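Student: Quick one: structure below, then a few questions.
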Amino acid sequence: MAMDTLAFMTTMENRFGFTAEDKSILNANAAWGEEIAAEMAEHFYGYLGRDAEMNAIINASEGRIQRLTDTFIKWFAEMFTGIDDWGAVYAQRRWQIGVVHVKVGIQPQHIVPAMSTVIHEVAKKLKAEGKSEELKDALGRICMIDLAFIEQSYVDVSTSAVLKETGWSSALLKRLISTGAASIN
């Protein structure tokens, strides 16, 4: 099952109300985003490092935490530039980030609060530096879009794996999930 990442990006932009004005505001603050990216990476991995399960994952091999930090810094800065105006390249990169999270076993239960930590720390930084509410809102929307990519990657990768292993149709799997959900009180 191949994800149409650009279509997903467009859908998320519409659902979150991520506008051309948001993009302009983020672009205008790209240098600031680069300046604070390393600090936000510290908050992100500091939060994750306090959890024993996540600490084991992020420190599983020599140099992994540094590679992750470097990737985070790049990811954070890209939210401000949009790579290609938040188009196909941006969407594909966000999808790949989500797939990597699935591959290394970083569950949404860890990513969602870690992203919340980043949003909280960015908000404090915005306030301390007298940045606009519009920038805060635009950054909040793109963070949520990026988070949606990660969340969707779990659904799509899991669905694809089940369909491949079982030979079931997509319709059967959806019906089983609906039936199972209906039976939960």
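The values are calculated or read from the model by the stated rules, or taken from the named source; none is laboratory data. These figures come from a predicted structure and were not determined experimentally. Quick reminder, even Gly has a Cβ in these numbers, built from the backbone with ideal geometry, and neighbours come from all protein chains shown. The accessibility values were calculated without ligands, DNA or RNA, using every heavy atom of the protein model including side chains. Shrake-Rupley method; radii C 1.70, N 1.55, O 1.52, S 1.80 Å.
Student: Can you tell me which residue within the range 16-31, out of those that are in contact with a helix residue (DSSP H, G or I) (Cβ under 7 Å, 6 or more places away or on another chain), within 16 Å of Ser132 (Cβ to Cβ) and hydrophobic (A, V, I, L, M, F, W, C), is surrounded by the most Cβ atoms within 10 Å (Cβ to Cβ)?
Tutor: Filtering the range 16-31 for residues in contact with a helix residue (DSSP H, G or I) (Cβ under 7 Å, 6 or more places away or on another chain) gives 16-18, 22-23, 25-27, 29-30.
Of the ones still in play, those that are also within 16 Å of Ser132 (Cβ to Cβ) are 22-23, 25-27, 29-30.
Those still in the list that are hydrophobic (A, V, I, L, M, F, W, C) too: 25-26, 30.
Details: Ile25: 19, Leu26: 23, Ala30: 15.
My answer is Leu26.
Student: Scanning for something within 18 Å of the chain's Cα centre (by Cα), on the phi < 0 side of the Ramachandran plot and aliphatic (A, V, I, L, M), does the range 172-183 turn up at least one residue?
Tutor: So far as the range 172-183 goes, no, none of its residues is within 18 Å of the chain's Cα centre (by Cα), on the phi < 0 side of the Ramachandran plot and aliphatic (A, V, I, L, M).
Student: If you check every pair at least six apart or on different chains, which have Cβ atoms under 7 Å apart with a residue in the range 118-143 that is in contact (Cβ under 8 Å) with a residue 24 or more places away in the chain first and a residue that is outside any helix (DSSP H, G or I) and exposed (fewer than 15 other Cβ atoms within 10 Å of the Cβ) second?
Tutor: Final answer for the pair search is Arg141/Gly17.
Student: If the requirement is being under 28 Å from Ser160 (Cα atoms), open to solvent by 50 Å² or more (accessible area, probe 1.4 Å) and either touching a residue at least 40 places away in the same chain (Cβ under 8 Å) or not aromatic (Phe, Trp, Tyr) (or both), which of these qualifies: Glu62, Glu53, Glu42, Glu34?
Tutor: Working: Glu62 fails: under 28 Å from Ser160 (Cα atoms); Glu42 fails: under 28 Å from Ser160 (Cα atoms); Glu34 fails: under 28 Å from Ser160 (Cα atoms).
Answer to the check: Glu53.
Student: Go through the range 116-136 and give me each residue that's assigned to a helix (DSSP H, G or I) and open to solvent by 70 Å² or more (accessible area, probe 1.4 Å).
Tutor: As a first pass, look at the range 116-136 and keep what is assigned to a helix (DSSP H, G or I): 116-128, 133-136.
His120, Lys124, Lys127, Ala128, Glu133, Glu134, Lys136, listed by residue number.
Student: Does at least one position in the range 18-26 carry a residue that is hydroxyl-bearing (Ser, Thr, Tyr), under 18 Å from the mean Cα position of the chain (by Cα) and over 19 Å from Glu151 (Cβ atoms)? If you could, list the steps in order and put the result at the bottom.
Tutor: Pass one, the range 18-26, residues hydroxyl-bearing (Ser, Thr, Tyr): 19, 24.
Right, trim to under 18 Å from the mean Cα position of the chain (by Cα) and you get none.
Looking through the range 18-26, none of the residues is hydroxyl-bearing (Ser, Thr, Tyr), under 18 Å from the mean Cα position of the chain (by Cα) and over 19 Å from Glu151 (Cβ atoms).
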